[in-house]
Ligand code: N2P
């Protein structure tokens, strides 16, 4: 063999090796999900079955994920935005890649009605599959509220928005979610207006009603209320129903079961969200992302997530694995009369309206008007 031939063979080997390693993805998936939104052993099970390591970070509100995605190069492979307005706007901006359904056979088990409602915002493709669904309601401490205001209107948004009620309850701690996308429609529903209308005129109406209440709210936050409600540190919280279910369960498990938490979907109607799983265009590990989504949609796996988080899933076959207490919980699976009053997530607004709403919310948060 000549030297030249040897060199050529060696070069060919290097090129082949490089090509193979570019094809074979690193066995890692970077997941960015809401906090307290998965079962305890889901990630471990996934790694055990697939050999793919999960790097897992959490956030508390859609706006945080949105800011990361807009900056680009988030480094995440799977993220969980709410379908509307967040995912809808993000997919329109080209932030997600189409899902490789050949690698997600469990997608076939997703409820068709939910897929149809996602299709409305999914730009004519499949860039997302549903994860969990829930209404936004109110959690309250039964005894603390009865003490602060006997006969309080516990089935109504008045608990959070009627100045006469809030002034009585503020002593035991009233809190709101930290997002205008949830608070403004709830306020409009309380005022008897159409909660889905997104105009600056309706925004003004809601913000004007909210402004004088600002000092009465203990805080605006989308995660803290879970443990504060469970511990008796606050008495009324606007919250995502599954988080309220978790707070109620923690209170029951605590020594002496001192805090009795109740959950209501207010009679004026409430927003319901579908949170989805999506893969950013620049995801470093798209194959692992597809494998992760497929695993999550397996009926026994997603059922376990529902059982532990208190959020409903969109996989009918998962019901067979459902905890009966969860399956019969009217907060999680509302009865038809309540369901009829839920309004599904807001349509995406114009960028100008979005900016106006964000600015109004920042001023409200800082108590500057
Ligand atoms: C998880 C809250 C997720 C539900 N803690 C909000 N869409």
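The values are calculated or read from the model by the stated rules, or taken from the named source; none is laboratory data. These numbers were taken from a predicted model, which means no experiment stands behind them. Reconstructed Cβ throughout: ideal geometry from the backbone, glycine too, with neighbour counts over all protein chains shown.
Of all residues in the range 116-128, those satisfying the criterion of being within 16 Å of the ligand (Cβ to nearest atom) and surrounded by fewer than 24 Cβ atoms within 10 Å (Cβ to Cβ) are 117, 118, 121.
Looking only at residues of the range 129-157 that are out of contact with any strand residue (DSSP E or B) (no Cβ under 7 Å at 6 or more places or on another chain) and part of a helix (DSSP H, G or I), we find that the one that is surrounded by the fewest Cβ atoms within 10 Å (Cβ to Cβ) is 147.
Tell me, please, whether a residue that is surrounded by 14 or more Cβ atoms within 10 Å (Cβ to Cβ), free of Cβ contacts under 8 Å to residues at least 40 places away in the same chain, outside any strand (DSSP E or B) and within 16 Å of the ligand (Cβ to nearest atom) can be found in the range 65-80. Yes: one or more hits.
Quick check, is residue 251 more than 13 Å from residue 139 (Cα to Cα) and either without any contact (Cβ under 8 Å) to a residue 40 or more places away in the chain or within 16 Å of the ligand (Cβ to nearest atom) (or both)? So residue 251 does not fit the description; no. Pairing residues of the range 123-143 that are within 15 Å of residue 104 (Cα to Cα) and modelled with pLDDT of 95 or more with residues that are assigned to a strand (DSSP E or B) and away from the ligand (no atom under 16 Å from the Cβ), at Cβ distances under 8 Å and at least 6 apart in sequence or on separate chains, gives 127/96; 128/96.
Evaluate the following for residue 224: is it surrounded by fewer than 18 Cβ atoms within 10 Å (Cβ to Cβ) and closer than 21 Å to residue 178 by Cβ? First the steps, then the outcome.
Values: surrounded by fewer than 18 Cβ atoms within 10 Å (Cβ to Cβ): yes; closer than 21 Å to residue 178 by Cβ: yes.
Here the answer is yes, as residue 224 does meet what is asked.
Among the residues of the range 300-321, just one is in contact with a helix residue (DSSP H, G or I) (Cβ under 6 Å, 6 or more places away or on another chain) and more than 20 Å from residue 129 (Cα to Cα), namely 321.
Taking the criterion of being more than 16 Å from the ligand (Cβ to nearest atom) and either under 27 Å from residue 129 (Cα atoms) or surrounded by 24 or more Cβ atoms within 10 Å (Cβ to Cβ) (or both), the residues of the range 262-276 that qualify are 266, 269. Candidates in the range 34-64 are the residues that are assigned to a strand (DSSP E or B) and in contact with a helix residue (DSSP H, G or I) (Cβ under 9 Å, 6 or more places away or on another chain); of these, the one that is farthest from the ligand (Cβ to nearest atom) is 53.
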